[in-house]
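Undergrad: Once you've had a glance at the structure underneath, I'll fire off some questions.
The values are calculated or read from the model by the stated rules, or taken from the named source; none is laboratory data. Just so you know, these numbers come straight off a predicted model, no measurement behind them. Because the Cβ atoms are built from the backbone with ideal geometry, glycine has one as well, and the counts that use them run over all protein chains shown. Note: accessible area is taken over every heavy atom of the protein model, side chains too, but ligands, DNA and RNA are not part of it. Shrake-Rupley method; radii C 1.70, N 1.55, O 1.52, S 1.80 Å.
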Amino acid sequence: MQRTLTGPVELETIVSLAKRRGFVFQSSEIYGGLGSVWDYGPLGVEMKRNVKDAWWRAMVRERDDIVGIDAAILMDPRVWVASGHVAGFTDPLVECDKCHRRFRQDAVPSASGVTEDESPVGPVSALVSGLSGQVAQELRNRLEAHARSLGKRRVTAVDYGDAGDYPPGTVPCPQGDGGFLGEPRQFNLMFKTFMGPVEDDAARIYLRPETAQGIFVNYENVQTTTRRKLPFGVAQIGKSFRNEITPGNFIFRTREFEQMEMEYFCPPDQADRWFDHWVEFSMNFFKRYGIRAANLRTRVHTDDERPHYAKAALDVEYNFSFGWAELETINNRADYDLSNHEKHSGRDLKYFDEETKAKFLPYVVEPAMGADRTMLAILVDAYDEEPGEKESRVVMRLHPDIAPITVAVLPLSRNERLMPTARRVHEAVRPHFNSQFDDTQSIGRRYRRQDEVGTPLCVTVDFDTVEKDQAVTIRDRDTMEQVRVPIDGLVAALRDRLDVIRKRVAG
Ligand code: ATP
């Protein structure tokens, strides 16, 4: 729907609203907060649950070809050897030889990069010019040694440019502590822990870095117990963990997050067709739940960035204030996972086609979406501000199926004559909608509070309700239009109005 506000809203605005209204809090806040880890508050938990339910509905309940599972976070560590994560799920890191902090190589040195604690890193030339005499001399010595090794007489820091192709040991630590960054080393992003009482290598297991493998190792169980024929899919929603080096942008990139993944098993010659299908499905999903088409785009991966397991890969991106960024990846994983699990487990995972009598490993097309990122995009996209005479009105134009509260029941005032009827109205509404009863502050303020958290409809109980007509007022969040309806027909009237808002938001 049309918004008053144009352009992407700043993340800060959403972070502050999320905190103020109880959507998202920083983890362990009373201890100063654990970096880039977030807790979902009373409204956030409802909204995120709605996001996940919407996905599950579209993916599993509204289709005949997909079933769900819920696999454990802890898995046999050999799964991660077979999947390639033990060997290859890494980022190159450089470590300071003094403070031993680690930085992602591609973030150092670049003017726009961020370090582990999110302070900006300047270009090499700027770093060098800011060095103390002693460190500058040390750097000069190292540079000259490097120059000699290249057979050159002199290399200056400025020669490196800001592209990151610098000789190890000659880039000063971005912390400015006099140390230098060393050789890049591969750093595995999987969280490790131990299973059982002995903390040795044999007991080492991982927190899953993706939910997908839980599906692949259950492929045979699901296929035989449901007696599915190809093509069919298996969907899962759950937590994943990645020891990201540079998390940030609020809940966009965190170390603990939730994924909504679906693995679609099909004959190899159908994979391209299903790839196109899942791209279209995903775009429709985002639009259906209120993200405006203009803020969405698809981007095919370049050869360099395509994951090792993928034959084809495409991101669905959202236009955040910090730039276009990935909400979902759609991969054609071919038979990469099943063939590796066959090799490592010794189990025959081939599919037998009863019609053609052919035996083969299915191909897999995977739409992999982040629940937290999707929620962030929906929040950002729903945010609107209407200028008012005294103050502007902040409205979250959330889809009714996503909004944390669907209907708020508000007695006009705290007058005790209103209360029994107001309570009765709430009891009538409660079984049908996620509802809230609010009798604090003035009615105008309560409308504003509900607008700000995206409640589509408010129901107001006033003196006429009690004394005259046994009717209440329904107020629409977006248009602020009010209609009077009898309490008897209230639930049906609310349903109708929610449908109107659903269409408005999705259109
Ligand atoms: P990125 O390139 O942003 O690191 P990715 O390509 O590694 O993400 P995938 O492995 O394709 O991500 O995971 C699928 C989805 O899971 C992503 O599109 C994203 O929505 C979500 N996701 C991945 N990593 C994170 C994270 N650290 N925090 C929050 N969500 C994440």
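Undergrad: Please give the solvent-accessible surface of residue 102 in Å², to the nearest 10, using a probe radius of 1.4 Å with every protein chain present.
TA: Residue 102 exposes around 90 Å² with every protein chain in place.
Undergrad: For a Förster distance of 51 Å, can you work out the FRET efficiency between the beta-carbons of residue 203 and residue 414, rounded to the nearest 0.05? Let's see the in-between values first.
TA: Working: r = 60 Å, r/R0 = 1.17.
Working from the Cβ atoms, E equals 0.30.
Undergrad: Further question on the same structure: Could you order 23, 241 by accessible surface area, starting with the largest, using a probe radius of 1.4 Å? Present the calculation step by step, with values, prior to reporting the outcome.
TA: On the way: 23 0, 241 30 Å².
Reading off the accessible areas and sorting them downward yields 241, 23.
Undergrad: Arrange the residues 468, 357, 192, 48 by how much accessible surface each exposes, largest first, with a 1.4 angstrom probe. Walk me through the intermediate numbers first.
TA: Values: 468 160, 357 135, 192 95, 48 15 Å².
The residues order as 468, 357, 192, 48, largest area first.
Undergrad: I would also like to ask the following. Give me the compactness ratio for the stretch 393-505, meaning the Cα radius of gyration over 2.2 N^0.38 Å.
TA: Cα-based Rg divided by the globular estimate yields 0.97.
Undergrad: Still on this model: How much accessible surface does residue 336 have with a 1.4 Å probe, in Å² rounded to 10?
TA: 50
Undergrad: Let me ask you something else. Where does each of 455, 90 land when they are ordered by accessible area, with a 1.4 Å probe and the largest first? Don't jump to the answer; show the numbers that get you there.
TA: Working: 455 0, 90 40 Å².
Per-residue accessible area, sorted high to low, gives 90, 455.
Undergrad: I need the per residue convex hull volume for the chain, using only the alpha carbons, in cubic angstrom as a whole number.
TA: Values: hull volume 108.0 nm³, N = 507.
About 213 Å³ per residue, rounded to a whole number.
Undergrad: To continue, here is another question. According to the Kirkwood expression over distinct Cα-Cα pairs, how big is the hydrodynamic radius of the stretch 188-236, in Å?
TA: Working: mean 1/r = 0.0755 Å⁻¹.
One over the average 1/r among Cα pairs gives 13.2 Å for the stretch 188-236.
Undergrad: Kirkwood hydrodynamic radius for the stretch 163-293: how many Å is it when counted over pairs of different Cα atoms? Provide the component values of the computation, followed by the final result.
TA: Working: mean 1/r = 0.0516 Å⁻¹.
So the Kirkwood estimate lands at 19.4 Å.
Undergrad: In whole angstrom, how long is each semi-axis of the equivalent ellipsoid of the stretch 7-48, when you take the square root of 5 times every eigenvalue of its Cα gyration tensor and sort them from largest down? Walk me through the numbers on the way to the answer.
TA: On the way: eigenvalues 67, 37, 14 Å².
Three semi-axes, in Å: 18, 14, 8.
Undergrad: From the cross-link list 239/343; 48/98; 19/239; 192/311, which pairs have alpha carbons spaced over 31 Å apart?
TA: Details: 239/343 27 Å; 48/98 42 Å; 19/239 22 Å; 192/311 29 Å.
Too far apart for the 31 Å limit: 48/98.
Undergrad: In addition: Can you order the peptides 305-315, 405-415 by their average number of other Cβ atoms within 10 Å per residue, highest first?
TA: Numbers: 305-315: 16.5, 405-415: 21.4.
Peptide ranking by packing, descending: 405-415, 305-315.
Undergrad: Given +1 on the Cβ of Lys and Arg, -1 on the Cβ of Asp and Glu, and no further charges, what dipole in debye does the chain carry about its Cα centre, rounded to the nearest 20?
TA: Values: 68 positive and 78 negative charges, 91 e Å.
With only Lys, Arg, Asp and Glu charged at Cβ, the dipole is about 440 debye.
Undergrad: So how compact is the stretch 311-443: Cα radius of gyration and Dmax in angstrom?
TA: 25.9, 76
Undergrad: Need one value: the accessible area of residue 356 in square angstrom, 1.4 angstrom probe, rounded to the nearest 10.
TA: 90
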